[in-house]
Amino acid sequence: MNEASLYSKYSGLQKTDAKFVVDNYLRLVKWKSHEKILDVGSGDGDVLLEILLPGLPPDFHRLVGTDVSDDMVRHARNKCKHSKVDFVPLDIATSSIPPEFYEYFDHIFSFYCLHWVPEQRRAMKNMFDMLTPGGDMLLAFLASNPIYDIYENMAKSNKWAPYMHNVKKYISPYHHSEHPENELEDILKKEGFVSHLCRVEDRTYTFPSFQILSKSVAAVNPFIKKLPDDEVDNYIQDYVKEVRKLESITVETCNNNDNEEKVHVPYKLFVVFASKVV
Ligand SMILES: C[S@@+](CC[C@H](N)C(=O)[O-])C[C@H]1O[C@@H](n2cnc3c(N)ncnc32)[C@H](O)[C@@H]1O
């Protein structure tokens, strides 16, 4: 991930999907009083504070946002004024969770984080270990997205290959799966969860212009920070050329003065609800 402030401005897609998941699936969670809640990969904190928090019962005990990036944690802490909410650094794929979090949380949420984690079994195990017996988790993350095809194509080009040699690490582990739900359900089961819902939603996001698409790419593209400064614009231009080449992405020209182009990107989003049954 790149700068927290850039992500904050250009995360319309992620916020739209977090709202979709909260509006449609938060009802699955059965609340009790004074519960402890974890958000994994809370990033800049906007989704936690603006979309998740308003959906929680007001008498919750504590809401913790965690993220692997110190910059994101700092950014989220700076904007948070809520006395029952705090943000702490944590890699969800860590080999040892903090002992104070062992069987501590009644509910775990995670929005748009887990496709960044190649160690899926470790992440699921850690979430299992952090849940109280009887606790549950609601997750949303990418199963596949054409942006991963673009990463793969660009990583093959002579020009960009030197900066993208570890491209596989940044592609959703399910991007090439024929049956992503089955694969994920299998992992959940192996780690001890009972899966109540493991669905792939077909979604489409419309970027209002190529300019916004470029900024949104710059906000999350993991390779940009490895480029020399004077190559960043070139990289983004090549990225946009790749977007135009992909058949799955459609471009719609608007009849306004600027003939602006809207970009429709289809992708697949996992929505998972699972519990740690005692
Ligand atoms: C696309 S942002 C999503 C942020 C927020 N949940 C949202 O929906 O806007 C993904 C976040 O996951 C974090 N992340 C990536 N790998 C992680 C890991 N192994 N453990 C914890 N957080 C991770 C990144 O630092 C980033 O802040």
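List of remarks:
- Taken over the range 1-46, the criterion of being under 19 Å from Val220 (Cα atoms), out of contact with any strand residue (DSSP E or B) (no Cβ under 8 Å at 6 or more places or on another chain), in a helix (DSSP H, G or I) and within 11 Å of the ligand (Cβ to nearest atom) is satisfied by Ala4, Tyr7, Ser8, Lys15, Asp46.
- For the range 84-133, residues that are more than 18 Å from Glu183 (Cβ to Cβ) and charged (D, E, K, R) total 7.
- Restricting attention to the range 13-41, the residues that are open to solvent by 10 Å² or more (accessible area, probe 1.4 Å) and either small (Gly, Ala, Ser) or on the phi > 0 side of the Ramachandran plot (or both) add up to 3.
- Residue in the range 106-126 that is more than 24 Å from Lys268 (Cβ to Cβ), out of contact with any strand residue (DSSP E or B) (no Cβ under 6 Å at 6 or more places or on another chain), open to solvent by less than 60 Å² (accessible area, probe 1.4 Å) and in contact (Cβ under 8 Å) with a residue 60 or more places away in the chain present: no
- Filtered residue count, the range 175-194, keeping only those that are touching a residue at least 40 places away in the same chain (Cβ under 8 Å) and out of contact with any strand residue (DSSP E or B) (no Cβ under 8 Å at 6 or more places or on another chain): 4
- Test: residue in the range 45-52 that is out of contact with any Leu (no Cβ under 7 Å at 6 or more places or on another chain) and surrounded by fewer than 18 Cβ atoms within 10 Å (Cβ to Cβ): yes
The values are calculated or read from the model by the stated rules, or taken from the named source; none is laboratory data. What you see is a predicted model; the values in this text were computed from it and never measured. Don't worry about glycine lacking a Cβ; one is built from the backbone with ideal geometry, like all the others, and counts go over all protein chains shown. Ligands, DNA and RNA are stripped out before the accessible areas are found, and what is left, the full protein with its side chains, is counted by its heavy atoms. Shrake-Rupley method; radii C 1.70, N 1.55, O 1.52, S 1.80 Å.
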